[in-house]
Amino acid sequence: MRRLARAIDGLEALAVEKIADEQQADPFQVLIATLLSAQTKDAVTAAASERLFKVARTPEAMVVLTVQKTERLIYPVSFYRNKAVHIKRTCEQIVGRFGGRVPSTMEELLTLPGVGRKTANLVLILAHRSNSNICVDTHVHRIANRLGWTNTRTPDETEQALYAATHRRWWPIINLYLVTWGQNVCRPVYPLCGSCVIRDLCPRIGVEKVGKEK
Ligand code: SF4
């Protein structure tokens, strides 16, 4: 993890992390940006979030937008139609059930439409400053298994296995490090093992073909 920290220094920050930094970790904006980011490239997430937040920055302001208006603002994020509906329903729940505040427990976050463990963990880490959560997406799941830290089939299984396999002090930043590494070096196909700073520590489980260095 220390080697990765040095290696990712200078690489482009992740869209949701950047939004969290710029918006002083505003839980609502972190939540919405995380919902938008699912299966969407970082640049598209950042641009869509900016357009949406220019029009509405709070649950009270966003809940009055029509689904069609939200669709237009967030297009072309993946599944923009579903996400626009989830955003509308999530805002209704936040305003109606939680007094306009994004909940700060896993159990409550999981009751919001479109919010799974990945989104809930990231909101708890980035917005509520939790040190007790690990956010696992496909990058974290893939790399943890390639490294042999886990031997799991799903991101949810990987999350639970990582609590046992890693030191607590890394939990809130595992996502940042491994996602950045996964986007740049340990890519889903043809990972760049030849230029990987942790190749001597990595058994490369399941890696059949590596990419060519530039
Ligand atoms: S050595 Fe290859 S498989 Fe292992 S972490 Fe680095 S890029 Fe990924």
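What ranking do 112-119, 37-44 get when scored by the average of other Cβ atoms within 10 Å per residue, highest first?
112-119, 37-44
I want to verify a result. In a Gaussian network model of the chain, Cα cutoff 10 Å, which of these has the top mean-square fluctuation: Cys186, Cys91, Cys202?
Among Cys186, Cys91, Cys202, the largest GNM mean-square fluctuation belongs to Cys202.
Picking from Gly99, Gly148, Gly182, which is most flexible by a Gaussian network model of the chain using Cα springs under 10 Å?
Gly99
Which of the peptides 150-156, 52-58, 5-11 is most tightly packed, and how do the rest follow, going by the mean number of other Cβ atoms within 10 Å of each residue?
Numbers: 150-156: 15.0, 52-58: 16.7, 5-11: 12.3.
Final packing ranking: 52-58, 150-156, 5-11.
In square nanometres, what is the average projected area of the Cα convex hull of segment 74-147? Kindly include the intermediate steps, with their values, before the conclusion.
Details: hull surface 23.9 nm².
Answer in nm², one decimal: 6.0.
DSSP loop GluC sites (Glu not before Pro) in segment 123-214 with at most 12 other Cβ atoms within 10 Å of their Cβ, which ones? Walk me through the numbers before you get to the answer.
Values: sites: Glu157, Glu159, Glu208, Glu213; in loops: Glu208, Glu213.
Answer in residue order: Glu208, Glu213.
Take the solvent-accessible surface of the protein heavy atoms, probe 1.4 Å, and return the percent of it on the chain that carbon and sulfur atoms account for.
51
How large is the accessible surface per residue of the chain, computed with a 1.4 Å probe and reported in Å² as a whole number? Mind showing how you got there, number by number?
Numbers: 11180 Å² over 214 residues.
Accessible surface, normalised per residue, equals 52 Å².
From the P(r) of segment 1-140, can you give the percent of Cα pairs sitting at distances over 24 Å?
Working: 2431 of 9730 pairs.
In whole percent, the long-distance tail amounts to 25.
At q = 0.14 Å⁻¹, what is the log10 ratio I(q)/I(0) for segment 97-140, with the Debye formula run over Cα points and no solvent?
-0.30
For the chain, what is the relative contact order in percent, using Cα pairs closer than 8 Å and at least 6 residues apart in sequence? Show your work: numbers first, answer last.
Working: 286 pairs, mean separation 40.2, N = 214.
Once normalised by length, the contact order is 19 percent.
What angle, in degrees between 0 and 90 and rounded to the nearest 10, separates the Cα long axis of helix 27-37 from the longest principal axis of the Cα atoms of the chain?
Relative to the chain, helix 27-37 is tipped by roughly 60 degrees.
Under the Karplus relation 6.51 cos²θ - 1.76 cosθ + 1.60, θ = phi - 60°, what is the ordered set of whole-Hz ³J(HN,Hα) values for segment 191-196, x standing for Gly and Pro?
x, 8, 4, x, 10, 8
Which residue, His167, His141, His86, has the most motion in a Gaussian network model of the chain that connects Cα atoms within less than 10 Å?
Between His167, His141, His86, it is His167 that shows the largest mean-square fluctuation.
With +1 on each Lys and Arg Cβ and -1 on each Asp and Glu Cβ, how big is the dipole of the chain about its Cα centre, in debye rounded to the nearest 20?
Numbers: 30 positive and 20 negative charges, 81 e Å.
Computed about the Cα centre, the dipole is about 400 debye.
Over all directions, average the projected area of the Cα convex hull of segment 76-214 and note it in nm². Provide the component values of the computation, followed by the final result.
Details: hull surface 39.7 nm².
Hull-based average projected area comes out at 9.9 nm².
The values are calculated or read from the model by the stated rules, or taken from the named source; none is laboratory data. From a predicted model like this one, the values you see are computed outputs, not experimental measurements. Virtual Cβ from ideal backbone geometry, glycine too; neighbours counted across all protein chains shown. Note: areas computed on protein heavy atoms with side chains; ligands, DNA, RNA excluded. Shrake-Rupley method; radii C 1.70, N 1.55, O 1.52, S 1.80 Å.
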